[in-house]
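To start, the structure itself, in structure tokens.
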């Protein structure tokens with residue numbers, strides 16, 4: 001009998017945790033999903049760990065654990081809001097980009113501050129299909145850990161404007177107007193179309 005009650009409790013707590021996470025992640029927004037910064041990444045892992053512990057450890061203080069999860073998500077959203085409203089706080093909370101290659105020269109001091117070595121940098125360059133540092137004019141280490149690169153002009157891809165090819169801007173963005181047999185009114189309005 002006790003085993004049946006514990007399984008029932010597990011099922012109820014799992015369902016409650018699932019819907020709580022669904023609501024809380026919607027409140028946190030898309031930035032959290034994309035892991036724009038290291039903090040967002042860690043917050044996502046922590047939320048997942050808290051939720052897993054709530055279900056698997058099955059203590060008698062489920063409501064307390066659910067409250068802790070809600071408080072963690074509230075604090076994460078407050079940090080996001082503060083960094084959205086204040087540029088100075090954004091730099092403190094999210095960090096700022098670091099130039100690691102400047103005018104084709106590796107900035108070893110910037111690498112050291114970023115806790116990277118030259119091997120890490122060359123690996124990140126190779127992931128961007130750059131196998132020689134001589135191709136790079138600037139390389140910037142972003143707060144999320146990605147490397148943004150500006151190639152030297154002679155190594156940049158040819159653009160249509162370089163070849164003086166006339167380009168035509170699309171008059172609309174491709175979008176679905178019927179999904180699963182239903183007309184999407186919002187997309188019709190966006191495209192300036194009527195049901196006719």
Inset, instruction - Considering only 77, 161, 148, give the residue with the highest GNM mean-square fluctuation for the chain, with springs between Cα atoms whenever their separation is below 10 Å. - result: 161
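Test of understanding: ordering 61, 129 by Cβ neighbours within 10 Å, fewest first, what list do you get?
Details: 61 11, 129 8.
Listing 61, 129 from fewest to most nearby Cβ atoms yields 129, 61.
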Inset, instruction - Take the alpha-carbon centre of the range 82-123, take the same for the range 144-165, and report the distance between them in whole Å. - result: 21 Å
Inset, instruction - Could you work out which residue, out of 163, 116, 125, moves most in a Gaussian network model of the chain, that is, has the largest mean-square fluctuation with Cα springs under 10 Å? - result: 163
Legend entry - Value in Å of the Kirkwood radius, where the range 98-155 supplies the Cα pairs that are averaged: 11.1 Å
Inset, instruction - Please quote Rg/Rh for the chain to two decimal places, taking the Kirkwood radius as Rh and restricting both calculations to Cα atoms. - result: 1.13
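Read-outs: derived from the displayed coordinates by stated rules, not from any lab. Keep in mind it's a predicted model, so treat the numbers as computed, not measured. Because the Cβ atoms are built from the backbone with ideal geometry, glycine has one as well, and the counts that use them run over all protein chains shown.
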